[in-house]
């Protein structure tokens, strides 16, 4: 059986209530599903009208069909029941029988009794009276119920991806001027299917900030060198004492004469630049999966083997709020309950990166292609079109 492309659309209410992390945990923990793409949307009325026409299927009774239509009209349109910006997060997954698996085993169906074994069982609601009339419905996640419906939905997403999706900064009203913070969930979070990325996102939800951008990407060597380039001078100064300590420990008893701390400091001064470049290349290799020394200069713009998830958080004092939840760079020194304390391993594999200033946030967003005109290059359209071309 060929690999299928399935989708999971996290609804506006789920995002508004910061249930995003818990839902993503369930989706990414499934070993049958390969996470291949994500994009934020605020759907136009044209999209909703088209989606409603594709919603009915032969197994859906009239009552349920009416409830779905009411839900789409009252929750996903810009003029909606809650008066909020109806942000949606659309995630894509590949795998054999992915459409049926994600629908039946991960997202699940509505039930009359609350159960926690599926996403809808945990985060969704449906209230029916004795006559079977639906009075309230919140699906938490939407998806294609059959291969045929899924294909129709994918075509629609591709059609509206650039127009209705992308970076949503500046669309939410705040009492004070908001900031945008870039967060990157690092590659080791995606080596194997796990709940870890979702749990990290759930931790960031403690800030009360809103997710206004999402992108699964492979950082190229060229991007990594630009992104982390300013660390070379920082490493030269901050790691000099580490070099001095190693020199002293290795050489102190290697000669018949005494090697002093001052001697070690002098040697460290000569080696600090080489050590800084070594540590810089380690970070580039970790973020890209490629040793920059082993490829040609002209290959750096495309070379990459590692995935990362970039998220944009928007709100008042977003930079400081994200940094406080992120924790110290060294997981061993990070405060309990922070991302790096709970999910980090060492100084490099410390769970996530977050911008440390509005200026750096803008610089970093531009490097990885998450600026406001990001719609010009839509990877979701490419993923869908490539899949449909070989069906």
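Using a Förster radius of 51 Å, what is the FRET efficiency between residue 330 and residue 61 based on their Cβ-Cβ separation? Nearest 0.05, please.
Working: r = 57 Å, r/R0 = 1.12.
The computed FRET efficiency comes out at 0.35.
Can you tell me, using C-alpha contacts under 8 Å and at least 6 residues apart, the relative contact order of the chain as a whole percent?
Dividing the mean separation by the residue count of the chain yields 22 percent.
I want to verify a result. In a Gaussian network model of the chain, Cα cutoff 10 Å, which of these has the top mean-square fluctuation: 64, 329, 220? Checking each option, the largest mean-square fluctuation is seen for 64. Between 0 and 90 degrees, the angle of helix 240-251 with respect to the longest Cα principal axis of the chain falls at about 50 degrees.
Take the Cα of residue 82, go 7 Å toward its beta carbon, and the backbone nitrogen atoms of region 205-220 under 18 Å from that spot belong to 205-214. Length gained on full extension, residue 192 to residue 133, computed as 0.36 nm times the residue gap minus the Cα-Cα distance: 17.0 nm. Taken along the Cα-to-beta-carbon direction at a fixed 7 Å, the label points for residue 233 and residue 258 span 3.8 nm. Roughly how many whole Å is it from the C-alpha centroid of region 153-177 to that of region 5-38? Between the Cα centres of region 153-177 and region 5-38 lies a distance of 17 Å. Give me the percent relative contact order of region 1-158, please, defined on Cα pairs under 8 angstrom at least 6 residues apart. Relative CO of region 1-158 lands at 35 percent.
What is region 225-299 by shape, rounded, prolate or oblate, if you read a ≥ b ≥ c off the alpha carbon gyration tensor as root eigenvalues and call it rounded for a/c under 1.5, prolate for a/b larger than b/c, and oblate otherwise? Since a/c reaches 1.5 and a/b is larger than b/c, the shape of region 225-299 is classed as prolate.
Taking 270, 87, 210 as the candidate residues, the one with maximal mean-square fluctuation in a Gaussian network model of the chain, Cα springs under 10 Å, is 270. GNM on the chain, alpha-carbon springs under 10 angstrom: the most fluctuating residue among 364, 258, 148 is 258.
Rounded to the nearest 0.05, the FRET efficiency derived from the C-beta distance between residue 241 and residue 105 at R0 = 56 Å is 0.60.
Helix 62-71 against the longest principal axis of the chain: what's the angle in degrees, Cα atoms only, rounded to the nearest 10? Compared with the principal axis, the helix lies near 40 degrees. Relative to the dominant Cα principal axis of the chain, helix 379-389 is inclined by about 60°. Listing 75, 253, 307 from fewest to most neighbouring C-beta atoms within 10 Å gives 253, 307, 75.
The alpha carbon centroids of region 58-130 and region 317-375 are separated by 32 Å. For region 260-390, the relative contact order is 12 percent, taking Cα pairs closer than 8 Å that sit 6 or more residues apart in sequence and dividing their mean separation by the residue count.
FYI, it's all coordinate maths here, none of it is from the lab. Since we're looking at a predicted model, the values are computed, not measured. Quick reminder, even Gly has a Cβ in these numbers, built from the backbone with ideal geometry, and neighbours come from all protein chains shown.
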